[in-house]
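J.: One structure coming up, written as structure tokens, with questions to follow.
What follows draws every value from the coordinates through simple rules; no lab data is involved. Bear in mind the structure is a predicted one, so any value in this text is a computation, not a measurement. Here the Cβ is made from the backbone with ideal geometry for all residues, glycine too, and neighbour counts use every protein chain on show.
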Amino acid sequence: MEKIIRVSILRENPATAKAPCVQIYEVEAKGEMTILEILHKIYQQLDPTIAYRRYRCGRRICRSCEVKLDGKIVRGCATLLRPGGTYSLEPARPSSLIRDLVFEFDK
Amino acid sequence: MEGARFASVEPVMKNYEDKQSILTDVLIIGGGGAGIRAAIEAAREGCRVIVTNKGPVGRSGVTPMAMEALQCVCTPGDSEELHFRDAVAGERYLGDERLIAVMVQEARQRVRDLESFGVHFKRKPDGRFDPMHHPGQTFPRTLFIQGGGYGMLAGLLAEAGKYPEIQILSDTFVVKLCADREPTPSGAIYLDLKDGRLKSVHCQAVVLATGGYEELWAFTDAAVTACGDGVILAYEAGAKLIDLEMVQFYPTVILHPSAIAGTLFQYELIVNPEVLGGRLLNGKKETFLAGMPLRDDVIRAIWKEIQSGRGTEHGGVFIDLTHSSKGRDALTAALEKWQPNQFHYLKDMGVDLREVMVEAGPHVHFTMGGIAIDERARTSVPGLFAAGEVTGNLHGANRISGNSLTETQVFGAIAGSSAAAFAKERARLASTKFQGEIEEVLRLIRGLSVSRVHSLRPYPFRQRLQNIMWERCGLERDGEGLREGRADVEELVKKAVTEMAVAETVGPYPQEIQEALEIRMMLSLAGLVLDSAFFRKETRGHHLRMDYPSSAADPQHTFLARGRGIWEGEVQRRDPAKWKK
């Protein structure tokens, strides 16, 4: 029984003149999925232009996949979203944005 | 859009015209355990250092994934000689004994260095080290690093931060080494992911420390960044590669549920009655493994169960701590002590190992083959050095648990020192512009079609390659399958050259362009791995040749170099008399 997880992602490319915009993606899910799994699926099947960090340390330790979920900073690899739900994703550190959900750590 | 060529390389080109090239003495490619240790050593010797890292430093690459294990002699009665003997035998007599000797002799000093950098090791109440006893060790020798590889790297980065000579460039993907006069490298071209532009760096010496090439296989617990960049950069620069067929599988990587698939849980601790007192069970919930064998033997035992139809639903075996010989309270305490991170991570993801069994199976975990080096971390190309997993002759056919982080520290320091000495000796070269190399990379990028047809995107190419390697060059190999795998890869290379397409992107974080360039490297390397696996006509360690099931009496290395083909060579032995005082 497939259901939909709906995520709206704040997108911004500082290299273009376009204003930041929110794009909505609907991801088919068999059950709960981590944010990182959802982003992989969007990149692989829906929109290759989405920018996010694909790395997963496998230990919930590195914070490479940190993202703002409904206003709260969480780790993408360890945060499960439910089918039927609607969620918003934004970069965890907008002040050092590279693009979309990717930001610079060292800045 | 269909059929168009990739057009938005203008920012890339413009940038090169901007002359954003940088200059340094030592260029270190890879900012993990080996690379940062090399940087510290080169800076101590007064060199300017640039470290590049494909992702954010400290939060990408293979080091942050490493478990808490670093092998070093620390128990009364134990000795460097025993560490040496354990390694030589455990590696199935394919490890370069000159390198093993250096590793065991310098491990203690490198641990002291790490402590001085603020890295903490678990100690007993009386202040002595509190090591774990892992398979293949005569004495307990696995020091427990607080925070694992991530914690070790954090300490190294804090130390590196004290040297103004060291500049670390995160999100920097090196795609090509450049040479003024062949073959010594004098710089590199990189894609700066922060702005999507191609840039160059000029240097006197290069250290490769990019980690392994696990990402060539469909099932791996290693990082997505582990594409073997450094191995192929070295190959293209003319360096000798060694034993590329030697890939270590890890027995117990979680298969299901998908949210935690690919997470490693240490079998060394599961099956140790002193630690977690658990067991591995087949799909019928029967035991099939006795004692604490080394990784290659555990892999074979698991594989036999799966092949005989006794696997679990998702094709693995069960990790079972629910019947731990220790009892619930002692088990909880042991998990908190030895695997706190993995225990809590899995528990929060809905898998409490005290309550449920979890399905796990073999994944590619570590690549033992790579660039051939000597005791001074020199490759066969003058001015090109290498350290860590990217190198190929330290771990033979079966790396012993805990030796990889030791390797990063011992050979990282050596590579930094060797590169610094080389850089100081080298006559200053007139700075050239690397125009030819830049053009070459630009041609690759411009050659990419622009399309949103999913089957032509880099990602499906990556998947196809990973499936070929898993099927043809995985746990079981035979000549015919390896030849077919080679043909499949050739076909994929042709298709990639003519058809691979990316979605049009402008500016920072050109993810698909990065992936397309990575796939180009991965396809070249996969061909070399298949050739090496075909060439080794014996079974040894993790290289299981179904058509050659026995081991040769006198093991030989598999060497390979551009323009020189593939050949076998002697394993360097060390005179046992040298250990006598």
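J.: Confirm whether residue A:77 is of a type outside the set (Phe, Trp, Tyr) and facing another protein chain (nearest Cβ under 9 Å). If you could, list the steps in order and put the result at the bottom.
T.: Values: of a type outside the set (Phe, Trp, Tyr): yes; facing another protein chain (nearest Cβ under 9 Å): yes.
Spelling it out, residue A:77 is indeed of a type outside the set (Phe, Trp, Tyr) and facing another protein chain (nearest Cβ under 9 Å).
J.: How many residues are within 14 Å of chain A (Cβ to nearest Cβ) and in contact (Cβ under 8 Å) with a residue 40 or more places away in the chain when one looks only at region B:223-278?
T.: Filtering region B:223-278 for residues within 14 Å of chain A (Cβ to nearest Cβ) gives B:223-227, B:250, B:252-266.
Applying the additional criterion that residues be in contact (Cβ under 8 Å) with a residue 40 or more places away in the chain yields B:223, B:225-227, B:250, B:252-257, B:259-260, B:262-266.
Here the count works out to 18.
J.: So, in region B:489-543, exactly how many residues are within 10 Å of chain A (Cβ to nearest Cβ) and within 18 Å of residue B:470 (Cα to Cα)?
T.: Qualifying residue count, region B:489-543: 0.
J.: Looking at region B:513-538 only, could you name the residues that are surrounded by 17 or more Cβ atoms within 10 Å (Cβ to Cβ) and either closer than 17 Å to residue B:88 by Cα or among the charged types (D, E, K, R) (or both)?
T.: B:515, B:518, B:520, B:531, B:536
J.: Quick one: in region A:19-52, of everything that is charged (D, E, K, R) and under 11 Å from the mean Cα position of the chain (by Cα), which residue is farthest from residue B:260 (Cα to Cα)?
T.: Taking region A:19-52 as the starting set, the residues that turn out to be charged (D, E, K, R) are A:26, A:28, A:30, A:32, A:37, A:41, A:47.
Pick out the ones that are also under 11 Å from the mean Cα position of the chain (by Cα) and you get A:37, A:41.
Numbers: A:37: 10, A:41: 16 Å.
Ranking the qualifying residues of region A:19-52, first place goes to A:41.
J.: I've got another one for you. Scan region A:18-34 and give yes if some residue there is without any contact (Cβ under 8 Å) to a residue 12 or more places away in the chain, among the polar types (S, T, N, Q) and either surrounded by 16 or more Cβ atoms within 10 Å (Cβ to Cβ) or facing another protein chain (nearest Cβ under 10 Å) (or both), otherwise no.
T.: There is no residue in region A:18-34 that is without any contact (Cβ under 8 Å) to a residue 12 or more places away in the chain, among the polar types (S, T, N, Q) and either surrounded by 16 or more Cβ atoms within 10 Å (Cβ to Cβ) or facing another protein chain (nearest Cβ under 10 Å) (or both).
J.: I've got another one for you. Provide a single number: the residues in region B:330-377 that are away from chain A (no Cβ under 14 Å), closer than 21 Å to residue B:283 by Cβ and either under 24 Å from the mean Cα position of the chain (by Cα) or among the hydroxyl-bearing types (Ser, Thr, Tyr) (or both).
T.: Residues in region B:330-377 being away from chain A (no Cβ under 14 Å), closer than 21 Å to residue B:283 by Cβ and either under 24 Å from the mean Cα position of the chain (by Cα) or among the hydroxyl-bearing types (Ser, Thr, Tyr) (or both): 2 in total.
J.: While we're here: Take residue B:545 and tell me if it is surrounded by fewer than 16 Cβ atoms within 10 Å (Cβ to Cβ) and touching a residue at least 24 places away in the same chain (Cβ under 8 Å).
T.: Values: surrounded by fewer than 16 Cβ atoms within 10 Å (Cβ to Cβ): no; touching a residue at least 24 places away in the same chain (Cβ under 8 Å): yes.
Here the answer is no, as residue B:545 does not meet what is asked.
J.: OK, next. If residue B:170 passes every condition in (1) surrounded by fewer than 23 Cβ atoms within 10 Å (Cβ to Cβ); (2) more than 22 Å from residue B:32 (Cβ to Cβ); (3) not charged (D, E, K, R) but one, which one does it miss?
T.: The single condition residue B:170 does not satisfy is (2).
J.: Taking the residues in region B:262-279 that are in contact with a His (Cβ under 9 Å, 6 or more places away or on another chain) and in a helix (DSSP H, G or I) as candidates, determine which candidate is surrounded by the fewest Cβ atoms within 10 Å (Cβ to Cβ).
T.: Selected residue: B:269.
J.: Looking at the structure I just gave you, is residue A:102 within 20 Å of residue B:508 (Cβ to Cβ) and more than 9 Å from chain B (Cβ to nearest Cβ)? Before the answer, list the steps.
T.: Numbers: within 20 Å of residue B:508 (Cβ to Cβ): yes; more than 9 Å from chain B (Cβ to nearest Cβ): no.
No; evaluated as a whole, the condition is false for this residue.
J.: Mind checking which residues of region A:39-74 are farther than 18 Å from residue A:22 by Cβ, away from every other protein chain (no Cβ under 11 Å) and touching a residue at least 24 places away in the same chain (Cβ under 8 Å)?
T.: A:74
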